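Take a look at the structure below.
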Amino acid sequence: MTTPSLIPLVALPIPGDILSCLQSAGYLYYEDIEHEGSTRRRSSARRRWTLTQGSPADNIVKKFASNTKLFWKAAMSPPEVKTALDIWQEESELFGIVTFCKAIDDMLDGGIPLQSITEFCGAPGSGKTQLCLQLCVDVQIPNIFGGHEAEAVYIDTSSSFTLIRLSDMADACISHCSLIARQQGKLPASTFTMEAIKNGISYISVTNHIQLLAAVFQLSDILEKRNVKLIVIDSITFPLLYGELSSIQRTRLLHQILDELHLCAKKFKVAVIVTNQLTTKVFGDGTSQVVPSLGESFGHRINHRIMLGAERGGTFAAVLLKSAVYPCASVGFQISNIGVRDIGNG
């Protein structure tokens, strides 16, 4: 019979791949890790001593065993308890990242919300990347102009990041802020320059699902060191759909990524944007419908879903399909040489 002092590893917040590796090597309880390197207490209900020196599980255990106090504290710390009033007060102090399109900002009550994941889905040429680039500039607007004066992290999986377009948008944003400063009798922000804007975007190029997972799991370290308020993954689809992954592997990897993104969004109060492609869903009666990729489970994990599409006349539409906060709505916008703007204000 298992004694009360033995704590199963499955009860601890250990990543699934690491847990599987440990279990396959015979590590079933936390005490197996805690007492690694000391006198090992064997039990028929516990582990099989079949490790070989330098095996993946052996290396994992050595890493945990060298820092068991910190691991134990992290594993056994209960979740923080907050009241609804606490949450409301925290959220009331936050404000969104403007897109420079008033119609979109009004639809989202002030801009792209922090502490949540927003999905831009749409066909190629629908404006997804353009909006992402615009937001990477807008998040850096100085505080004196009502901005966040923060930085952005851009994870590029489809080689969509275009420095020329970013420069055009940055130049227009700098000019706009300078105009506001003159109108209000203020001095322009000397630190809000083209060089500063480019330096305020941490760019990560990703070519496969392994690199994507590695990039996502290093976000916490980046956010600890830098004042980041925006994370962009453009697009989350390519490495997952076009790699050598089974359906089960893809789903597990996707939820690992989403778990980490939600953690970063809440802990560091940042806005997370992911772009997604469209696919055709065929129903049993033979009918079909164009829907966002990655399945329904992905749609349940994001906070806001915005469908983008190109319309006739060079304009675009943004449709808020899902949000737990804002009502569904549809607005128009345009993409001019200076960036994303309201229709007629280019």
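The values are calculated or read from the model by the stated rules, or taken from the named source; none is laboratory data. All of these numbers come straight from a predicted model, not from anything done at the bench. Neighbour counts are summed over all protein chains in view; Cβ atoms, including those assigned to glycine, are modelled from backbone coordinates with ideal geometry.
In summary, Gly295 fulfils each of the numbered conditions (1) of a type outside the set (Lys, Arg); (2) closer than 16 Å to Ile236 by Cα; (3) buried (at least 19 other Cβ atoms within 10 Å of the Cβ) with the single exception of condition (3).
In the stretch 298-328, which residue that is of a type in the set (Val, Ile, Thr) and modelled with pLDDT of 95 or more is surrounded by the fewest Cβ atoms within 10 Å (Cβ to Cβ)? Filtering first and then ranking leaves Val319.
Within the stretch 240-291, which residues are touching a strand residue (DSSP E or B) at 6+ places or on another chain (Cβ under 7 Å), of a type in the set (Gly, Ala, Ser) and part of a helix (DSSP H, G or I)? Hit for the stretch 240-291 is Ala265, nothing else.
Counting only residues that are on the phi > 0 side of the Ramachandran plot and not charged (D, E, K, R), which one in the stretch 127-186 is modelled with the highest pLDDT?
Our first condition is that a residue be on the phi > 0 side of the Ramachandran plot; within the stretch 127-186, this holds for 127, 146, 149, 159, 185.
In the following step, the residues that additionally are not charged (D, E, K, R) were identified as 127, 146, 159, 185.
Working: Gly127: 93, Gly146: 87, Ser159: 89, Gly185: 73.
Of everything passing the filter in the stretch 127-186, Gly127 is modelled with the highest pLDDT.
Out of the residues in the stretch 187-196 that are of a type in the set (A, V, I, L, M, F, W, C) and in contact with a helix residue (DSSP H, G or I) (Cβ under 7 Å, 6 or more places away or on another chain), which is modelled with the lowest pLDDT?
Leu187
Of the helices (runs of 4 or more DSSP H) contained entirely in the stretch 169-239, those carrying at least 1 residues that are within 26 Å of Ser336 (Cα to Cα) fall at 194-199. Within the stretch 158-168, being in a helix (DSSP H, G or I) and either surrounded by 18 or more Cβ atoms within 10 Å (Cβ to Cβ) or of a type outside the set (A, V, I, L, M, F, W, C) (or both) holds for Arg165, Leu166, Ser167, Asp168.
Cys132 meets the stated requirement of being under 12 Å from Thr99 (Cα atoms) and either within 15 Å of the chain's Cα centre (by Cα) or in a strand (DSSP E or B) (or both).
The numbered conditions (1) surrounded by 14 or more Cβ atoms within 10 Å (Cβ to Cβ); (2) more than 16 Å from Ala152 (Cβ to Cβ); (3) out of contact with any Gly (no Cβ under 8 Å at 6 or more places or on another chain); (4) not aromatic (Phe, Trp, Tyr) are all true for Ser246 except (1). Counting only residues that are under 15 Å from Cys132 (Cα atoms) and of a type in the set (Ser, Thr, Tyr), the stretch 292-346 holds 1 of them.
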